[in-house]
Amino acid sequence: MEDAYARSVTEVLDFFGVDPTKGLNDSQVAQHARLYGKNVLPQEKRAPFWKLVLKQFDDLLVKILIASAVISFILALINGETGLTAFLEPSVILMILAANAAVGVITESNAEKALEELRAYQADIATVLRNGSFSILPATELVPGDIIEVAVGCKIPADMRMIEMLSSQLRVDQAILTGESCSVEKELESTTAMNAVYQDKTNILFSGTVVVAGRARAVVVGVGTNTAMGSIRDSMMQTEDEVTPLKKKLDEFGTFLAKVIANSFALISSLCHGNIVIAGICVLVWIVNIGHFRDPSHGGFLLGAIHYFKTVDDIVIAVALAVAAIPEGLPAVVTTCLALGTKRMARLNAIVRSLPSVETLGCTTVICSDKTGTLTTNMMSVSKVCVVQSVQHGSVIAEYNVSGTTYAPEGIIFDSSGMQLEFPAQLPCLLHIAMCSALCNESVLQYNPDKGNYEKIGESTEVALRVLAEKVGLPGFDSMPSSLNMLSNHERASYCNHYWADQFKKISVVDFTRDRKMMSVLCSRNQLQMMFSKGAPESIISRCTNILCNDSGSTVPLTDSIRAELELRFQSYAGKETLRCLALAMKRIPLGQQILSCDDEKDLTFIGLVGMLDPPRDEVRNAMLSCMTAGIRVIVVTGDNKSTAESLCQKIGAFDHMVDLTGRSYTASEFEELPPLQQTLALQRMALFTRVEPSHKRMLVEALQHQNEVVAMTGDGVNDAPALKKADIGIAMGSGTAVAKISYIVITDSASDMVLADDNFATIVAAVAEGRAIYNNTKQFIRYMISSNIGEVVCIFVAAVLGIPDTLAPVQLLWVNLVTDGLPATAIGFNKQDSDVMKAKPRKMHEAVVTGWLFFRYLVIGVTCYFTLQLPMMVYKLFVVFTAYVGLATIAGFIWWFVYSNEGPKLPYHELMNFDSCSTRETTYPCSIFDDRHPSTVSMTVLVVVEMFNALNNLSENQSLIVIPPWSNMWLVASIILTMLLHILILYVHPLSVLFSVVPLSWAEWTVVLYLSFPVIIIDEVLKYFSRNSSGLRFNFRFRRPDLLPKRELRDK
């Protein structure tokens, strides 16, 4: 029944055919169960294990690796190779793929297991009237038409329409659904509001909310997916998971890198199993060596072709590993870098549930923040106290400010001049306010040792009064209230309240009612009976005839002028300062009276006026300023009323000190009434969005995403769940909040990407900085990998072009890629943040991981020149790298040993180029010299050392090593040392040297290695200098061909 809130009680009962005194009978229950279904949310089917495994291989570059492994295996068979070395390359490649797949499967499986565990928090019982009697049944068995009785502490098991009030009032905490900071009073009357939102449906009890005061009966009108929680769940199920910017950019860069090395030869592509990425280099190297196919040393043209196709196989492995090191969905290096970021963020109390969400924060442009519990503490706290100081020379109003923004009984009371009160309980009015706050109260304040904080049971306003009583302290103690700090947290929670409860015995209570707007309690102490009252200021003040003076403790008549002044102060508190106000009063009752009635609530003595609010967190204002500095816009989204929210936003600086809030603050209804064009313009200036329900939050996120904003949504209620999932990153505030627990139970999929364990909005700022740093580090290790690995590919290519022997064996390339690349790349993830990381504006969503200028730098480190061929009848370009510094240095080391080394043969260069004809002609040297392992060892060592120096280049994208020295990242230094030790190990330990086809090097050879490797530092320092200057940026614009770098289509929502 969708419009139960607009129907009368009789109409709703008639609709379901239920007698409110007997409930449904068994036949009606069965009929309604068939008609409306059970009170459960359907559970989504899990993906089968085999699908999770196959999902990890659904990636272009993973397929490239598989093709490379297959090609390597086939060529080993063609060449008749046997033993370990024959199948080492394909085996290692497949092991890498298996490891990456395992990481992905384990991560997704753990997420599903966590959701199963969270379902244990779901409410499971209800008190139901059936067949004329009450019984306790599982909540899953409820059907529409069931009569349910609820009381304080009950969690509502389904959506229900109020039909009978069993107490003076019923109040429900529905903050998890609407975000309202205070509990909501429920009523029986139907709602006449048009387009009613949840806040307007005051006769509906929503599933998942909690009763905090009163007792009532209601009829079930919605179960399962037909509840408010069910609609949130459906909204989430209709929301597709957004691909994070990092994942998009890595995929784009991977595709781009694949196309860069491609060519147009479809025939060779088929030979490479359809892989045009590998075909580019394959064809060029193979064609270059056609003239050598007939060399007698090969035994014929066909065998010569196979020999040089083996060289192509080397390139297949090098290119595949070079490409695979970058973006395989969640490749090992990316995963490790993000995991390192999650550990750092965990120390900041930001718990990451999805690794890519760490980086997503770095490009966030808008944060849609819930107000209650996010910007505020969600703990009602007394901030102001107003009393009458004296009436001797005209009325004098005294005002006190109270510090402390949580339920912790810790705070200081200051007078109007800002001076701290040393002994607040010595002031008569403050003392009686503490007494009244402690006695006229039904709430409980307690300490939770598991969570390490103070918690409430009951109304937030009553708990705020209990905390105020603790801050005032007790009379008669010179060290009060500071001495209370010596107590344990458990004792401190309600020490003063317990003292007053022991001093005064409660005799009778008159509960709060809507017409009176107050409650009273009768207490006795030592032949003295007192009535303490609290309630709405207008109700209390109108019943007062006397006032308590704070200077002397005397009671004097309440004059019209004092009454007017108190009412004026109340209007100021409730209006301009948007405080929730309560007035406190007392009255002496004749001894012996045992029953208190409403008639006794007159001729009261006014004690004081307290103003309370859900206070903003202390760190929020600075966090707001940091967001503005970082170019991040904050939109406060709340279900509270507009004036209260505007007051909070002005306090925390959300309006940027603007006085005129026109165009900056909208209610949901105001925004919906705007034409589409004005809505678009309003979104660009909006800072506050009030009186919203879940659909509005999701709509806001979608509208901002249509404007190409990267949206982070924070929240702490189930009402935020659909928007959290729709947003680019959902941030749940607090490990114990509703989103972190309850919403995961009632909704079958995870909503948030991140949980802030300390409920601290300022943690978001630290998380944004960490996200930006992680993205920078990601770019750095991509730069390191690609600039190094391009050189490896070019090394083999240049050797083939020059006609010299193979410089590196495949097993040596594997060692370099898997060991010497992997450790430093991982250590780059430990790079410290640049000092200005939060001073830059968020990067654009369409910005590639590697920009034009940055890619040029990669090529200069890995490549010294390139050319582009425009082939007829083709719509794509052929981008071919044919020489590189890393490659040149590696080749130079190889040639140096043959031509210049004192330990080598000192051959003329032309003899080296004609090595393959050595056996067919007379030479002054043995042909076996070309099988010597010294030159390839020198080449391999140059390659390793130059990559270690290149790793140091990646401490920062643009900062010099003079500014950010190597020891700023000791993990990188350690990884370089470890890598070099491992390399020395394979050089000088005999079994390993045989496996990797290397030999020990002499000191002279190590000297040449250093000479050839160190210039990579100088080259990149020069390029960094250009990056820090505008001329370099202009060069970037001129240099980059518009069709070479990956583009991003505009977001299509």
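The values are calculated or read from the model by the stated rules, or taken from the named source; none is laboratory data. Predicted model, so just to flag it, every value in this text is computed and none were measured. Here the Cβ positions follow ideal geometry from the backbone for every residue, glycine too, while neighbour counts run over all protein chains shown. The accessibility values were calculated without ligands, DNA or RNA, using every heavy atom of the protein model including side chains. Shrake-Rupley method; radii C 1.70, N 1.55, O 1.52, S 1.80 Å.
So which of Glu577, Glu567 ends up being modelled with pLDDT of 90 or more, surrounded by fewer than 20 Cβ atoms within 10 Å (Cβ to Cβ) and among the acidic types (Asp, Glu)? Show your work before the answer.
On the way: Glu577 fails: modelled with pLDDT of 90 or more.
Just one listed residue meets the conditions, Glu567.
Could you list all residues from the stretch 595-604 that are outside any helix (DSSP H, G or I) and open to solvent by less than 90 Å² (accessible area, probe 1.4 Å)? I'd like the intermediate steps shown before the answer.
In the first step, residues of the stretch 595-604 are kept if they are outside any helix (DSSP H, G or I); the result is 595-597, 601-604.
Result: Leu596, Ser597, Glu601, Asp603, Leu604.
In summary, helices (runs of 4 or more DSSP H) completely within the stretch 389-502 and bearing 1 or more residues that are open to solvent by less than 40 Å² (accessible area, probe 1.4 Å) and without any contact (Cβ under 8 Å) to a residue 40 or more places away in the chain occur at 460-472. Scanning the stretch 930-944 for residues that are part of a helix (DSSP H, G or I), open to solvent by 10 Å² or more (accessible area, probe 1.4 Å) and touching a Ser or Thr at 6+ places or on another chain (Cβ under 9 Å) returns His934, Ser936. One residue stands out in the stretch 12-40 among those that are open to solvent by 90 Å² or more (accessible area, probe 1.4 Å) and under 47 Å from the mean Cα position of the chain (by Cα): the one that is modelled with the lowest pLDDT, namely Lys38.
For the condition at pLDDT 75 or above and in a helix (DSSP H, G or I), what is the one hit in Ala800, Ala825, Ala840?
Values: Ala800 fails: at pLDDT 75 or above; Ala840 fails: in a helix (DSSP H, G or I).
Of Ala800, Ala825, Ala840, the one residue that is at pLDDT 75 or above and in a helix (DSSP H, G or I) is Ala825.
Condition check for Ala114 on (1) more than 22 Å from Ser183 (Cβ to Cβ); (2) modelled with pLDDT of 90 or more: one failure, at (2). Every test in (1) modelled with pLDDT of 90 or more; (2) under 30 Å from Arg525 (Cα atoms); (3) open to solvent by 30 Å² or more (accessible area, probe 1.4 Å) is passed by Gly592 save one, and that test is (1).
For the stretch 542-567, a tally of residues being among the hydrophobic types (A, V, I, L, M, F, W, C), farther than 22 Å from Ser381 by Cα and assigned to a helix (DSSP H, G or I) returns 2.
Every condition in (1) in contact with a helix residue (DSSP H, G or I) (Cβ under 6 Å, 6 or more places away or on another chain); (2) modelled with pLDDT of 75 or more; (3) of a type in the set (A, V, I, L, M, F, W, C) is met by Leu961 except one, and the failing one is (1). Taking (1) crowded, with 23+ Cβ neighbours inside 10 Å; (2) not in a helix (DSSP H, G or I) in turn, Thr924 satisfies each apart from (1). Restricting the stretch 627-641 to residues that are open to solvent by 10 Å² or more (accessible area, probe 1.4 Å) and modelled with pLDDT of 85 or more, which is nearest to Asp836 (Cα to Cα)? So the residue we want is Thr629.
Reported count of residues in the stretch 122-144, each being within 24 Å of Val184 (Cα to Cα) and part of a loop (DSSP other than H, G, I, E, B), is 4.
Filtered by the rule that a residue be open to solvent by 30 Å² or more (accessible area, probe 1.4 Å) and at pLDDT 85 or above, the stretch 643-664 gives Glu646, Gln650, Lys651, Arg664.
Checked against (1) free of Cβ contacts under 8 Å to residues at least 12 places away in the same chain; (2) open to solvent by less than 30 Å² (accessible area, probe 1.4 Å); (3) among the hydrophobic types (A, V, I, L, M, F, W, C), Leu674 passes all but a single condition, namely (2). Any residue that is open to solvent by 30 Å² or more (accessible area, probe 1.4 Å), under 51 Å from the mean Cα position of the chain (by Cα) and within 22 Å of Asn441 (Cβ to Cβ) - is there at least one of those in the stretch 531-552? Looking through the stretch 531-552, at least one residue is open to solvent by 30 Å² or more (accessible area, probe 1.4 Å), under 51 Å from the mean Cα position of the chain (by Cα) and within 22 Å of Asn441 (Cβ to Cβ). Listed by position, the strands (runs of 3 or more DSSP E) enclosed by the stretch 145-187 that each have at least 1 residues that are among the acidic types (Asp, Glu) and either at pLDDT below 90 or under 31 Å from the mean Cα position of the chain (by Cα) (or both) are 159-173, 184-186.
Residues of the stretch 179-206 being under 24 Å from Lys22 (Cβ atoms) and in contact with an Asp or Glu (Cβ under 9 Å, 6 or more places away or on another chain), which ones?
Initial filter on the stretch 179-206 (under 24 Å from Lys22 (Cβ atoms)): 186, 188, 190, 203-205.
Selection gives Leu188, Ser190, Asn203, Ile204, Leu205.
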